[in-house]
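Student: Okay, here's the structure, questions in a sec.
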Amino acid sequence: MSAPVGDIGLIGLAVMGQNLILNMNDKGFTVVAYNRTTSKVDDFLANEAKGTKVQGAHSIQELCAKLKRPRKIILLVKAGPAVDSFIQQLEPYLEKGDIIIDGGNSHYPDSIRRTQELEAKGLLFVGSGVSGGEEGARHGPSLMPGGSTAAWPAIKEIFQKTSAQVNGEPCCDWVGETGSGHYVKMVHNGIEYGDMQLIAEAYDILKRGLGIHESEIADIFTTWNKGVLDSFLIEITANILKFNDDDGVPLVTKILDKAGQKGTGKWTAIAALDAGTAVTLIGEAVFARCLSAIKDERVRASKVINGPQREPFRGDKQQFIDDLEQALYASKIISYTQGFMLMRETAKELNWNLNYAGIARMWRGGCIIKSVFLGDITSAYEKNKDLESLLFDNFFNKAVHKAQPGWRRVIAQACLWGIPTPAFSTALAFFDGYRSEVVPANLIQAQRDYFGAHTFRVVSGKENSRLPKDTDIHINWTGRGGNVSASSYSA
Ligand code: 2AM
């Protein structure tokens, strides 16, 4: 048998898999392709991959035999049992140090488990986020690999050449240990939910608040796309708003206002609740989709529940539009602040050494949330890799201060109009909470102690004989409840 020629193998010839193969082939790598339904291998070689260096395999054994060592095999198959099934099928043909890479939309706990299971057998596992859809896969996706750190030197060149490039830098870097690649991809998707919700709220305010037509709103977004909001999502929003149906009516106005979701935003919100981190904006973005989905109920409610009389806007329209741009920008800063807080908290819990500047760099190009803004986040973490929060970075601190007055005016006006701004508003509420030295949790602690003897601590400097320092204190608030705290009894 001839010496193996394959630099990398790929299993799963749906569109993403095919496009990623063609992309890697363009970058000079020899890819060996396999698919459960092997007729797809022949179809692919005879059509899309015709005239390329791509090789086919009709069995797992043949695939593994055609790969140079250490073998590298990317799975791009349906998340869930299919991934475990292929790992099982591959194992007998792999040797120590070979690498299985899962590029599908796996949930990160599965990637943590798979890394541990394969490492115990002397194999290496990488769970990689792949973002950018079919187009990204073909011409340069954002790649977020994490898992067995020993695998990185072997896959680095292929991954970084295959990914999107921004200013000559690849949108791919090593994320960190075990399930961190898929974790970061999940947070990326959550942030995408947030960005989309913020843009939708801005559209709603411009349309229902200021009464501006879609074609003009498109122009506003086009202008914004030249400034701090410069991003893929703003760009496509302008294009969508300009797109008319055959009768000249903006197509977007004919689309049913029920948003779908595949679940990655929800995963992020659940992960945030589990980690005890206030990722409120992504949460609101998920809930806004839930509220949109109960269209019939909303229609009934709209008949019987009145909001305020919507007064026409009498102020300076252009000033308000500029305020709205700042509101969007400030809210976006908060959303990314929260997303990075979540990653930091999880990294602490799971002992991951996350590369935050690298994560921002990976998201700068190739993916749905790509933006100029992510370049600024990269710089912030390059300056200080242990940055506690983006709001402590000089650039973002100044930006949010500058945006603050307009941000508040927009939310206040939207409230008066009765136009919902869950994402804008929760961002501002988080901002005001985060910058508060004192929050009213003292009262919550008192209530908890009053009804449940859950105890509280006293403020430093306010101690006395009844309120000792560094002690869990229970007070008999009513004279009836007794003096025993909840740690020793449950009511
Ligand atoms: P198929 O072409 O044989 O259906 C996207 O669906 C990709 O995942 C396809 O390559 C598909 O293979 C593969 N896939 C989906 N479910 C699978 C399963 N249970 N086992 C193996 N491959 C699967």
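Student: Quick check on my filter: what residues within the stretch 385-433 are open to solvent by less than 20 Å² (accessible area, probe 1.4 Å) and over 23 Å from the mean Cα position of the chain (by Cα)?
Tutor: Correct list: A403, G406, W407, V410, I411, A414, W417, I419.
Student: Say whether the condition of being touching a helix residue (DSSP H, G or I) at 6+ places or on another chain (Cβ under 7 Å) and under 30 Å from G194 (Cα atoms) is met by at least one residue in the stretch 465-483.
Tutor: no
Student: On to the next question. Just to be sure I understand, how many residues within the stretch 3-20 are open to solvent by 20 Å² or more (accessible area, probe 1.4 Å), within 16 Å of the ligand (Cβ to nearest atom) and part of a loop (DSSP other than H, G, I, E, B)?
Tutor: From the stretch 3-20, those open to solvent by 20 Å² or more (accessible area, probe 1.4 Å) are 3-5, 7, 14-16, 18-19; that's our starting set.
The next check asks that each one be within 16 Å of the ligand (Cβ to nearest atom); those that pass are 14-16, 18-19.
With the extra rule that they be part of a loop (DSSP other than H, G, I, E, B), the set shrinks to 14.
Going through the stretch 3-20 one residue at a time, the tally reaches 1.
Student: Can you find a residue that is closer than 18 Å to A154 by Cβ and of a type outside the set (D, E) anywhere in the stretch 77-84?
Tutor: No, every residue in the stretch 77-84 fails to be closer than 18 Å to A154 by Cβ and of a type outside the set (D, E).
Student: Looking at the stretch 234-245, can you tell me whether even one residue there is touching a helix residue (DSSP H, G or I) at 6+ places or on another chain (Cβ under 6 Å), aromatic (F, W, Y) and farther than 26 Å from I334 by Cα?
Tutor: To start, the set of residues in the stretch 234-245 that are touching a helix residue (DSSP H, G or I) at 6+ places or on another chain (Cβ under 6 Å) comprises 234, 237-238, 240-243, 245.
Narrowing further to those that are aromatic (F, W, Y): 243.
Still in the running and farther than 26 Å from I334 by Cα: 243.
The answer is yes, given that some residue of the stretch 234-245 is touching a helix residue (DSSP H, G or I) at 6+ places or on another chain (Cβ under 6 Å), aromatic (F, W, Y) and farther than 26 Å from I334 by Cα.
Student: Another question about this same structure. Residues in the stretch 383-400: is at least one touching a Pro at 6+ places or on another chain (Cβ under 7 Å) and in a helix (DSSP H, G or I)? Spell out the reasoning first.
Tutor: If we filter the stretch 383-400 for residues that are touching a Pro at 6+ places or on another chain (Cβ under 7 Å), which is where we start, we get none.
Checking the stretch 383-400: not a single residue is touching a Pro at 6+ places or on another chain (Cβ under 7 Å) and in a helix (DSSP H, G or I).
Student: So K50 ticks every box in (1) of a type in the set (D, E, K, R); (2) surrounded by 15 or more Cβ atoms within 10 Å (Cβ to Cβ); (3) more than 23 Å from W152 (Cβ to Cβ) but one. Which box is left unticked?
Tutor: (2)
Student: Given the criteria open to solvent by 70 Å² or more (accessible area, probe 1.4 Å) and touching a residue at least 24 places away in the same chain (Cβ under 8 Å), does K242 qualify?
Tutor: So K242 fits the description; yes.
Student: How about the stretch 21-44: which of its residues are open to solvent by less than 10 Å² (accessible area, probe 1.4 Å) and within 16 Å of the ligand (Cβ to nearest atom)?
Tutor: Selection gives I21, V31, V32, A33, V41, F44.
Student: Same structure again: Name the single residue that is surrounded by the fewest Cβ atoms within 10 Å (Cβ to Cβ) among those in the stretch 152-171 being assigned to a helix (DSSP H, G or I), of a type in the set (V, I, T) and in contact with a helix residue (DSSP H, G or I) (Cβ under 9 Å, 6 or more places away or on another chain).
Tutor: Checked the stretch 152-171; the qualifying residue surrounded by the fewest Cβ atoms within 10 Å (Cβ to Cβ) is I158.
Student: Suppose the filter is part of a loop (DSSP other than H, G, I, E, B), free of Cβ contacts under 8 Å to residues at least 12 places away in the same chain and farther than 27 Å from G190 by Cβ; does R314 pass it? Talk me through it step by step, then tell me what you get.
Tutor: Details: part of a loop (DSSP other than H, G, I, E, B): yes; free of Cβ contacts under 8 Å to residues at least 12 places away in the same chain: yes; farther than 27 Å from G190 by Cβ: yes.
Considered against the rule, which asks whether it is part of a loop (DSSP other than H, G, I, E, B), free of Cβ contacts under 8 Å to residues at least 12 places away in the same chain and farther than 27 Å from G190 by Cβ, R314 comes out as yes.
Student: Tell me yes or no: at least one residue of the stretch 326-336 is open to solvent by 20 Å² or more (accessible area, probe 1.4 Å), more than 20 Å from V184 (Cβ to Cβ) and without any contact (Cβ under 8 Å) to a residue 40 or more places away in the chain. Break it down into steps so the answer makes sense when it comes.
Tutor: In the first step, residues of the stretch 326-336 are kept if they are open to solvent by 20 Å² or more (accessible area, probe 1.4 Å); the result is 326.
If we keep only those that are more than 20 Å from V184 (Cβ to Cβ) as well, we get 326.
Then keep just the ones that are without any contact (Cβ under 8 Å) to a residue 40 or more places away in the chain; that gives none.
No, the stretch 326-336 has no match at all.
Student: Residue by residue through the stretch 1-42, note down the ones that are over 13 Å from K161 (Cα atoms) and of a type in the set (V, I, T).
Tutor: V5, I8, I11, V15, T30, V31, V32, T37, T38, V41
Student: Please state which one of V252, V228 is surrounded by 14 or more Cβ atoms within 10 Å (Cβ to Cβ) and over 30 Å from F340 (Cα atoms).
Tutor: None of the other options fit; the residue is V252.
Student: May I pose another question? If the requirement is being without any contact (Cβ under 8 Å) to a residue 40 or more places away in the chain, open to solvent by 20 Å² or more (accessible area, probe 1.4 Å), under 30 Å from D84 (Cβ atoms) and not acidic (D, E), which of these qualifies: T222, T237, T149? Explain how you work it out, then say what you get.
Tutor: On the way: T222 fails: under 30 Å from D84 (Cβ atoms); T237 fails: under 30 Å from D84 (Cβ atoms).
When all the criteria are applied, what remains is T149.
Student: For the stretch 45-55, name all the residues that are touching a Gly at 6+ places or on another chain (Cβ under 8 Å) and either charged (D, E, K, R) or within 14 Å of the ligand (Cβ to nearest atom) (or both).
Tutor: Correct list: empty.
Student: Just one of (1) under 18 Å from L124 (Cα atoms); (2) touching a helix residue (DSSP H, G or I) at 6+ places or on another chain (Cβ under 7 Å); (3) surrounded by fewer than 21 Cβ atoms within 10 Å (Cβ to Cβ) trips up E95, so point out which.
Tutor: In the conditions (1) under 18 Å from L124 (Cα atoms); (2) touching a helix residue (DSSP H, G or I) at 6+ places or on another chain (Cβ under 7 Å); (3) surrounded by fewer than 21 Cβ atoms within 10 Å (Cβ to Cβ), E95 misses (2) alone.
Student: In the stretch 434-459, what residues are more than 30 Å from D195 (Cβ to Cβ), in a helix (DSSP H, G or I) and either open to solvent by 30 Å² or more (accessible area, probe 1.4 Å) or of a type in the set (F, W, Y) (or both)?
Tutor: The answer is A441, N442, L443, I444, Q445, Q447, R448, Y450, F451.
Student: Using the structure shown, decide if S106 is within 16 Å of the ligand (Cβ to nearest atom) and touching a His at 6+ places or on another chain (Cβ under 8 Å).
Tutor: yes
Student: Limited to the stretch 63-81, what total is found for residues that are of a type in the set (G, A, S) and either near the ligand (Cβ under 9 Å from one of its atoms) or within 32 Å of the chain's Cα centre (by Cα) (or both)?
Tutor: Matching residues across the stretch 63-81 total 2.
Student: Does the stretch 82-91 contain at least one residue that is within 12 Å of the ligand (Cβ to nearest atom), more than 27 Å from K185 (Cβ to Cβ) and either open to solvent by 50 Å² or more (accessible area, probe 1.4 Å) or among the aromatic types (F, W, Y) (or both)?
Tutor: The answer is no, given that none of the residues of the stretch 82-91 is within 12 Å of the ligand (Cβ to nearest atom), more than 27 Å from K185 (Cβ to Cβ) and either open to solvent by 50 Å² or more (accessible area, probe 1.4 Å) or among the aromatic types (F, W, Y) (or both).
The values are calculated or read from the model by the stated rules, or taken from the named source; none is laboratory data. Predicted model, so just to flag it, every value in this text is computed and none were measured. Quick reminder, even Gly has a Cβ in these numbers, built from the backbone with ideal geometry, and neighbours come from all protein chains shown. These area figures cover heavy atoms from the full protein model, side chains too; ligands, DNA and RNA do not enter into them. Shrake-Rupley method; radii C 1.70, N 1.55, O 1.52, S 1.80 Å.
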